[in-house]
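Peer 1: Have a look at this one.
The values are calculated or read from the model by the stated rules, or taken from the named source; none is laboratory data. Quick caveat, the model's predicted, so the values are computed rather than measured. Every residue, glycine as well, gets a Cβ built from its backbone with ideal geometry; the counts of neighbours run over all protein chains shown.
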């Protein structure tokens, strides 16, 4: 199976996550891959979380951003493993 993702990068900010998600959606849509639907929903949720981080919604926005970025790393790692035929974490 040809991979859609690039190797796992150590994303550190929500902006980096959004950039990677946007790029991934474009790649998936070019290939008419149904996974683009989930990726778009995940991106919309992440963008909403970014708005809430910036608005002061969270008591500890730094911690919340770390959680969001960490979860995104897990998602991209599992996605890349699936695409390369490796076992998913």
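Peer 1: If you check residue 32 against the conditions, is it at pLDDT 95 or above and on the phi > 0 side of the Ramachandran plot?
Peer 2: Numbers: at pLDDT 95 or above: yes; on the phi > 0 side of the Ramachandran plot: yes.
Judged against the criteria, residue 32 is a match.
Peer 1: So which residues in region 27-41 are surrounded by 12 or more Cβ atoms within 10 Å (Cβ to Cβ) and part of a helix (DSSP H, G or I), if there are any at all?
Peer 2: If the condition is that a residue be surrounded by 12 or more Cβ atoms within 10 Å (Cβ to Cβ) and part of a helix (DSSP H, G or I), then 27, 28, 29, 35, 36, 37, 38, 39, 40 are the ones that fit.
Peer 1: Another question, if that's okay. Could you tell me how many of the residues in region 31-54 are touching a helix residue (DSSP H, G or I) at 6+ places or on another chain (Cβ under 9 Å) and over 15 Å from residue 79 (Cβ atoms)?
Peer 2: 6
Peer 1: Turning to a different aspect of this structure: Could you check region 42-60 and list, in sequence order, the residues that are surrounded by fewer than 16 Cβ atoms within 10 Å (Cβ to Cβ) and assigned to a helix (DSSP H, G or I)? Don't jump to the end; show me each part of the working.
Peer 2: Initially, region 42-60 is screened for residues surrounded by fewer than 16 Cβ atoms within 10 Å (Cβ to Cβ), giving 44-45, 47-48, 51-52, 54-60.
Within region 42-60, 44, 45, 47, 48, 51, 52, 54, 55 meet the criteria.
Peer 1: Take residue 44 and decide whether it is within 10 Å of the chain's Cα centre (by Cα) and modelled with pLDDT of 95 or more. First the steps, then the outcome.
Peer 2: Values: within 10 Å of the chain's Cα centre (by Cα): no; modelled with pLDDT of 95 or more: yes.
Spelling it out, it is not the case that residue 44 is within 10 Å of the chain's Cα centre (by Cα) and modelled with pLDDT of 95 or more.
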